[in-house]
Amino acid sequence: MIPSKIQLLPTQLINQIAAGEVIERPSSIVKELIENSVDAHAKNIEIIIQDGGKSLIQIIDDGDGMDSEDLGMSFQRHATSKIRHQEELRNITSLGFRGEALPSIASVSHINARSSINGEEGNEISLKGGEVQYIRPAPSNTGTSIQIKNLFFNTPARRKFLKTTEIEKRNIYLVVRTYSLAYPKIGFTLTDAEKHVYKLRGNDLAGRISDIYGKKFGENLLPVTLTKDHFMVSGFTGNLNLVKKRMGEQFLFLNGRAIQNRLINSAVFGSYKSLLSRGEYPFFILNLQIPPDMVDVNVHPAKSEVRFKDEWRVFYVVKSAVTQALTDLLKTIPDYTPFNYYGADKSVTSDHGQLKLSPSIPGQFPAGFETAPHHRDQEKVLGNTSSVITESTIRKAHERIEALTKSSQVDDKIIPTDNLWQIQNKYILTEVNQGLIIIDQHVAHERILFESAKKALEGNGIPSQTVLFPQTIKFLPEEYSKFLGVIPYLHKIGFKMREFGVNTIIVEGVPSDIYSGSVEEIVHEILDKYIEKQEMNASFLDHMAATYACKAAIKAGDRLKQEEMKNLVDKLFATDHPYYCPHGRPIIVRLGIDELDKRFERI
Ligand code: ADP
Ligand code: MG
């Protein structure tokens, strides 16, 4: 018989291959072992390293410990005590669950581990390159101690990839600092080459921050705390004294797991608005608590990347939480309102009578950044592959920020004048102190309607305006049953309607801001979107607001009265994001006086 060409790899080789993903460098081992100690309910974790972890990493904890059988099992691949069934994968509450770390580490090093439960006699296991040398009873304190030597002794290529001791050391310090901030109640000690780097007793988070960064630092923290639906954000964000010129001290924990997420980072940066200049980074430590089934942590073996079911919802919650924490600071921004329209007061009253902060400042995260998922090209991928959106959205946002900071450095002020002109029934032209601005009337109105609809959907709704001639709309039976689910949301935007005979509704009130578009058209468009999505979630509400805004807005070609133009411009600058429409198109084009001077060759 011809031997089959395809053969199963030996276990040892499988483990080494896996080790390539789980343990890139000494700091990844420290991370995995700390996670195991946390999962084992340790109250104290001691970390000892030599040569940046290259010659020694030892972690000692006072956690649950293992008996002799478990100690042997723990180094076998896919052996875990943390999940048993597939359903549990959707509800992970421990840091580990893949059963990969110990066998992977063991396959590329020499290990000696001891463990004991409840002060009973312990056991010791020794492995070289994944091969068990012995397992025998040995004295041990309650808990587990794992010692790793000769890292990558059997994979010289990997060993060569290690960085200098100095760099590996720094990575390990960062891992220990990160986990000590994620778990302030646990005591952490880090000893490097016999010197104490950290000696931290259990504390609350503020105390832990002071213990690590110093008392002065601790005095510059603003507490962040917000609970919304099933999401909870807590932690601290630094005031302006803690702003740094480089990235580094920003920590994001999701259900106790340290994660990296650019979108959430930018939610935080964006909250600081003009308080930060480009290239400045605030300090923050945020703990997000999200129901485990709303996030997938099983994206990569290192588990620092996660996938949210609804990333934009998380974005908004984090943004509100941090903005709330910064409220007092934001109030102190001198001239927070870039456009002092008609000499208006700094705070502008929005159309629903609530007092609003002024529009955000150009050069920070513009509207397109938050609303880009409504962009037509991106609609297809919404909902499932949010990372695709994130990537391109962030790139686009950055390009816009570039463009905006270049073009709007000047502190624009609209001169108190009634000078407003409509051009081609499409654009509104008006003067600012450093030049002139041209506003696209359709997208401007779209932005206004979008924001008011979104706020209405998230809050209590807006009052509607009773119509003189109530109108009936008839649906197909299969549409009708679906439509009933949408009615409460349309109510919030301002459409007052009720059932009226078979498969028919009657519209008795419409939003007061509606300009064009027949009610029937708007209602059908929203219903179509809903039928397509089949789901009423946050991203659908965004779509709904955007669809409504697009249909109900003033169109290109609509002739506007002076009063209407004034009203539109006023309201535009009272929105959070006057510069970009919900689809990401620009609303305002600015022509600076210096640009004009240049064109006329005055300078
Ligand atoms: P995972 O953490 O994904 O389960 P690991 O390979 O990291 O996989 O660990 C395997 C198992 O060994 C864990 O499920 C746990 O039962 C046990 N274990 C590892 N480290 C410790 C520890 N410090 N204390 C107690 N048990 C531990
Ligand atoms: Mg583990």
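The values are calculated or read from the model by the stated rules, or taken from the named source; none is laboratory data. As the structure is a prediction and not an experimental result, all values here were calculated from the model. Note: ideal-geometry Cβ built from the backbone for every residue, glycine included; neighbour counts use all protein chains shown. What goes into the accessible areas is simple: the full protein's heavy atoms, side chains included, and nothing from ligands, DNA or RNA. Shrake-Rupley method; radii C 1.70, N 1.55, O 1.52, S 1.80 Å.
What ³J(HN,Hα) values, in whole Hz, does the Karplus curve 6.51 cos²θ - 1.76 cosθ + 1.60 give for region 100-112 when θ = phi - 60°, with x put for Gly and Pro?
10, 5, 4, x, 5, 4, 4, 5, 10, 7, 9, 10, 10
Please report the accessible area of Ser210 (heavy atoms, 1.4 Å probe, ligands and nucleic acids excluded) in Å², nearest 10.
Spelled out: Ser210, probe radius 1.4 Å, area about 30 Å².
Can you tell me the FRET efficiency between Glu121 and Lys43 if r is taken as the Cβ-Cβ distance and R0 is 30 Å, rounded to the nearest 0.05? Don't skip to the answer; put the middle values down first.
Numbers: r = 22 Å, r/R0 = 0.72.
Approximately 0.90, to the nearest 0.05.
Given a 1.4 angstrom probe, I'd like the percentage of the accessible area of region 211-329 that is carbon and sulfur, rounded to a whole number. Provide the component values of the computation, followed by the final result.
Values: 2460 of 5020 Å².
In region 211-329, the share of accessible area belonging to carbon and sulfur is 49 percent.
Under a no-solvent Debye model with one identical scatterer per Cα of region 424-498, what's log10 I(q)/I(0) at q = 0.14 Å⁻¹?
-0.69
Would you kindly state how much longer the chain becomes between Lys5 and Asn220 on full extension, computed as 0.36 nm times their sequence separation minus their alpha carbon distance, in nm to one decimal? List each step's numbers first, then the result.
On the way: separation 215, 0.36 × 215 = 77.40 nm, distance 6.47 nm.
Length difference between fully extended and current span is 70.9 nm.
Taking the Cβ-Cβ separation of Asn433 and Arg262 as r and a Förster radius of 51 Å, what is the calculated FRET efficiency to the nearest 0.05? Please report the intermediate quantities before stating the final value.
On the way: r = 36 Å, r/R0 = 0.71.
For Asn433 and Arg262, the calculated efficiency is 0.90.
Using only protein heavy atoms and a 1.4 Å probe, report how much of Glu69 is accessible, in Å² to the nearest 10.
That residue has around 140 Å² of solvent-accessible surface.
Show me, bin by bin at 10 Å from 0, the whole-percent P(r) of region 211-329 based on Cα pairs.
With a bin width of 10 Å, the distribution comes to 13, 47, 31, 9, 0.
Starting at the first residue of region 547-554, write each ³J(HN,Hα) from the Karplus equation 6.51 cos²θ - 1.76 cosθ + 1.60 with θ = phi - 60°, in whole Hz, x for Gly and Pro.
Couplings: 5, 4, 4, 5, 6, 8, 6, 3 Hz.
PRE reach from Asn425 (point 7 Å along Cα→Cβ): which of region 495-517 fall under 12 Å by backbone N?
Label zone hits: none.
Put a dot 7 Å past each Cα toward the Cβ at His230 and Leu484; how far apart are the dots in nm?
For Leu484 paired with His230, the spin-label model returns 2.6 nm.
Give the accessible area for Lys149 in Å² (nearest 10); use a 1.4 Å probe, count only protein heavy atoms, and leave out ligands, DNA and RNA.
90
Given N residues in region 11-202, what is Rg(Cα) / (2.2 N^0.38 Å)?
On the way: Rg = 15.7 Å, N = 192, 2.2 N^0.38 = 16.2 Å.
Ratio of Cα Rg to 2.2 N^0.38 Å: 0.97.
Could you tell me which of the pairs Lys454/Lys474; Lys319/Lys555; Lys43/Lys199; Lys128/Lys160 are separated by over 23 angstrom between their Cα atoms in the structure shown?
Working: Lys454/Lys474 27 Å; Lys319/Lys555 32 Å; Lys43/Lys199 14 Å; Lys128/Lys160 20 Å.
The pairs that break the limit, which is 23 Å between Cα atoms, are Lys454/Lys474; Lys319/Lys555.
Figure the gain on full extension for Asn141 and His524 (residue separation times 0.36 nm, minus the Cα-Cα span) and round it to one decimal in nm.
Details: separation 383, 0.36 × 383 = 137.88 nm, distance 6.99 nm.
The Asn141-His524 span can extend by a further 130.9 nm.
Using a simple charge model, +1 on the beta-carbon of Lys and Arg, -1 on the beta-carbon of Asp and Glu, nothing else, what dipole does region 11-202 show about its Cα centre, in debye to the nearest 20?
Numbers: 24 positive and 24 negative charges, 162 e Å.
Taking the Cα centre of region 11-202 as origin, the dipole is about 780 debye.
Starting from 0.36 nm per residue, how many nanometres of slack lie between Phe500 and Ser277 once their C-alpha separation is accounted for? Spell out each step's value before the answer.
Details: separation 223, 0.36 × 223 = 80.28 nm, distance 5.63 nm.
74.6 nm is the gain from fully extending Phe500 to Ser277.
What is the sum of charges, Lys and Arg at +1 and Asp and Glu at -1, for the other residues whose Cβ falls under 9 Å from the Cβ of Asn171?
Values: positive: Arg25, Lys163, Lys169, Arg170; negative: Glu168.
So the environment of Asn171 carries a net charge of +3.
Using the Karplus curve 6.51 cos²θ - 1.76 cosθ + 1.60 with θ = phi - 60°, work out ³J(HN,Hα) for each residue of region 244-260 in order, rounded to whole Hz, and write x for Gly and Pro.
Using θ = phi - 60°, the values come out as 10, 7, 9, 5, x, 9, 10, 10, 10, 10, 10, 6, x, 10, 6, 10, 10 Hz.
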